[in-house]
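Report on one structure; see the data block that follows.
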Amino acid sequence: MTDLPASGYMENAARTEAEMKQAFEDVRDFIEEQPGGEAEAELTISSGSVTPTAFAHTVDTEGDAGTDDLANIALTNHPDGRLLLLRAENASRVVTVKHAAGGDGQVYLASDADVDLDSVDKFLMLIRNGSAWYEVSLLQTVENFDSGTLMLFVQNAAATGWTRKTSGYTDTAMLCVALSGDIAAGGSVNPQSAHDHAVGTIDASDHTIAQANLPDCTFKIKVSNDDAGVSQTNGAGYLQANGALLGRDTSVGGSHLAEVVESGGSGTALAHSMSGSSADNTAPYYQETIICEKD
């Protein structure tokens, strides 16, 4: 790898034209070796080792074997403190980076365990420190979901690697949290339709108030046996009220009054009528989604 010219080297008036050209070339090469300076280059494992020449590399197994171990990474082209980014060249050929395998260029991993580069989306970043490499981070650029996982998408079509579900979720619009047990769906109204409040009249049926519905009350009627038109035959009935035959009250001296206690109701049916109109129809906002299953 390229080293930068020493501080003050290029400002020295003693520098020749050729020296300055070389210094500029060194600066250019140094920048190219930094992250993003050039495209990835493929490295192939040989006897458990690779020799990187840039910041980013893909790593392939020796002889395109299904699996291979990477135990050491040569220090030749990377000065102390330099970063290195590795990923698998092919997901079907798994590279196992060995933890603390021993020797110059061995790799110390944060988990104290080997790491499999089994996806082209899994990146291992290392930094050289002395005669070894140390893990900076292990990155997975795409979230992995188990096959059969269901997810909502606010888009017209399923994302790559997902299949849109077309049955079992028709018109499902409200999500409820199930605190325990199995999940279920319910309801019977299409949420995309307007909420139709029909205009109409509300009527209550007629109701006849019976005597039993009235509060307790007493009606008293006093009639003199001397009143005109009333029979005064001693002991005979002389007044009828609601069909009841009344006799003279002989216990009262003088004008002989009779007292009648009666109760009753009219028996007339009472009609209860109510009417009114509805509020305006409402069509609430909604956002359609699709449910997709991970392939």
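Bear in mind that the values in this text are calculations on the coordinates, not laboratory data. All of these numbers come straight from a predicted model, not from anything done at the bench. Cβ sites come from the backbone with ideal geometry, for glycine too, and all protein chains shown count toward neighbours.
Observations, loosely collected:
- FRET efficiency estimate (nearest 0.05) - Cβ-Cβ, residue 65 to residue 156, R0 35 angstrom: 0.20
- Contact order normalised by residue count of segment 1-68, Cα under 8 Å, 6+ apart, percent: 27
- Length available on full extension from residue 53 to residue 106: 0.36 nm per residue minus the Cα-Cα distance, which gives 17.4 nm.
- Tensor-based shape of segment 3-112 (alpha-carbon gyration tensor, a/c under 1.5 rounded, otherwise prolate or oblate): prolate
- Label-to-label distance, residue 22 versus residue 146, with points set 7 angstrom from Cα along the beta-carbon direction: 6.3 nm.
- In a fully extended conformation the segment linking residue 41 and residue 116 would gain 25.0 nm over its present Cα-Cα distance, using 0.36 nm per residue.
- Our estimate of slack between residue 291 and residue 4, defined as 0.36 nm per intervening residue step minus the Cα-Cα distance, is 97.8 nm.
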